[in-house]
1. If you roll a 1.4 angstrom probe over the protein chains with everything in place, what fraction of the accessible area of region 41-153 belongs to carbon and sulfur, to the nearest %?
2. Using a Förster distance of 41 Å, how high is the FRET efficiency between R13 and N121, based on the Cβ-Cβ distance and rounded to 0.05?
3. On full extension of the chain, what length is gained from T97 through L136, given 0.36 nm per residue of separation minus the C-alpha to C-alpha distance?
4. Helix-only mean residue ellipticity at 222 nm, the chain, DSSP H runs n ≥ 4 weighted -39,500 (n - 2.57), per residue, nearest 500. What is it?
5. Along the charge dipole of the chain, pointing to its positive end and built from +1/-1 on Cβ of Lys, Arg, Asp and Glu, which listed residue (V31, S59, Q98) has its Cα farthest out?
6. Suppose every K and R has +1 on its Cβ and every D and E has -1 on its Cβ; what is the size of the dipole of the chain about the Cα centre, in Debye to the nearest 20?
7. Given (i) 44, 36, 27; (ii) 55, 40, 40; (iii) 42, 31, 27 as candidate values of Cα extents along the principal axes in Å, which corresponds to the one derived from the coordinates?
8. Using a 1.4 Å probe on the protein heavy atoms only, what accessible surface does Y22 show? Give it in Å² to the nearest 10.
Amino acid sequence: MDYDKAIEQNLIRRFNPTNAYYEHLETLVDVDKISSGELHIVADPMYGSGRTAIRAILSRSRCHVTEIRGEMNPGFGGIHPEPIRKHLDALVAAIQTQHADVGIATDGDADRVGAMDGQGNFVDPHTIMALSLRYLAEKRVGPVTWSRPFLRR
């Protein structure tokens, strides 16, 4: 069926989940605590779908967020958009040049994140996921169940 016709017939309902998503994140992450640090953060979405997200999430904080490689680029600017150390030379340079406290990089579809402090210490996406899960379980939501719906036995 033609897309415009489906919209006209109310078979497709368009919506933007961004604000609801950011509001939900604020129930999980202590933005006030992050804000109190008044951090200078470099966000690197690596030309992916995470562009503007970190800046938007922290827009109500006292953090100063600078974004690099935030243009829409379906070819990811010729880089491999994986937030691992070997792909983050641009983030390292931006942290150093701007004397930033922290750098945060997201992968192409923004489901993984890597982080680096102002001294160049890197935390990989696997460690961040484990630390995030521990934080949520211990400080925010209680026991966390893990589901692997795509694995069949």
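1. 55 percent
2. About 0.35, to the nearest 0.05.
3. 10.7 nm is the gain from fully extending T97 to L136.
4. Calculated mean residue ellipticity at 222 nm is -8500 deg cm²/dmol.
5. About the Cα centre, the residue reaching furthest to the positive side is V31.
6. It works out to roughly 520 debye.
7. Of the listed options (i) 44, 36, 27; (ii) 55, 40, 40; (iii) 42, 31, 27, (ii) comes from this structure.
8. 40 Å²
The values are calculated or read from the model by the stated rules, or taken from the named source; none is laboratory data. Nothing here was measured: the structure is a model prediction, and the numbers come from that model. Ideal geometry is used to build each Cβ from the backbone, glycine not excepted, and the neighbour counts take in all protein chains shown. The area values use the complete protein model at the heavy-atom level, side chains included, leaving out ligands, DNA and RNA. Shrake-Rupley method; radii C 1.70, N 1.55, O 1.52, S 1.80 Å.
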